[in-house]
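Following: one structure in structure tokens, then a few remarks.
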Amino acid sequence: PYTGAMFYDRQNQTQSMGPAQVILTENTRYGLIFSLLNPITPVPMQLELTRSENKGTGAEQIIEDRIDQLRLKMETSVGKRGQSSFHFLSTRQDSISGSTGLPIRASKSSSDSVNLDTRLKFGARNEYDLNNVVTFNTNRYTAGLGALTQLQDFRIGLDLRGRHSDGLQTHGRYNFNTGKQGEQEMTLNSASAGLSYRLNPDLSGTLAAHGENNQTT
């Protein structure tokens, strides 16, 4: 019910930086993958931790980058109705790369992402499909002493579709999205609904409505 693996990979590669400019780089990647399954946990999960390093020095260029990453994945069944999955990804990157003829400014970036995806079927004949997606993302970039960029984004999406007969189908969708970048903020609400009917193989029709409200500062 539990498995794991450790890995280590190292490569020495030649990287071209321009005409007659070549850097010998040392690329290293290592980490751990670990899983927990039933009956240890009711929700199977997988955890992955990795670190990647890239180093190299040339006549006019210096490369020194490091990326740390954490990934968590969980999946479960929602009875006989469907399934739900959860993903979390966190990345941290440090860089001290640049030209040897200029002052090198250390930079850092970080990003976190959360995703929850649920897909369900219900009804007497499983004629309804409901998809629900929730995502949250943050990004931050700094260089030198100050923060240059910071982003946040949150989204919710609901999608419902029904197959009432061979000829009649309905659908509805709602989206909510809010984002922030520095002092700027944006919020979007949108909804749509409609139906389609097929009278015969040669004749069908669709009626739908859509509305949205967008607010930006």
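Tabulated values for the structure
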| read-out | value |
| --- | --- |
| Dimensions (Å) - the range 1-63, Cα atoms, principal axes, largest first | 59, 15, 14 |
| Partners for LYS121 among lysines (Cα-Cα distance below 27 Å; same-chain residues under 8 apart left out) | LYS73, LYS80 |
| Percent carbon-and-sulfur accessible area, the range 1-133, ignoring ligands, DNA and RNA, probe 1.4 Å | 55 |
| Potential extension, SER111-ASN126 segment - 0.36 nm per residue separation minus Cα distance | 1.5 nm |
| For ILE62, net neighbour charge (Lys/Arg +1, Asp/Glu -1) across residues whose Cβ lies under 15 Å away | -3 |
| Hits among lysines - C-alpha to C-alpha of LYS55 under 23 Å, sequence gap 8 or more where chains match | LYS108 |
| Per residue value of the accessible surface for the range 84-165 (all protein chains in place, 1.4 Å probe), Å² | 60 |
| Summed residue charge, Cβ within 13 Å of ILE104's Cβ, Lys/Arg positive, Asp/Glu negative | -3 |
| Kirkwood-based shape ratio for the range 37-127, expressed as Rg/Rh from alpha carbons | 1.29 |
| Translational D in µm²/s for the range 45-197 (Stokes-Einstein at 4 °C, 1.567 mPa s, Kirkwood Rh from C-alpha pairs) | 67 |
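The values are calculated or read from the model by the stated rules, or taken from the named source; none is laboratory data. Since the structure is predicted, the reported quantities are computational estimates derived from the model, not experimental observations. Note: ideal-geometry Cβ built from the backbone for every residue, glycine included; neighbour counts use all protein chains shown. SASA here: full protein model, heavy atoms, side chains in, ligands and nucleic acids out. Shrake-Rupley method; radii C 1.70, N 1.55, O 1.52, S 1.80 Å.
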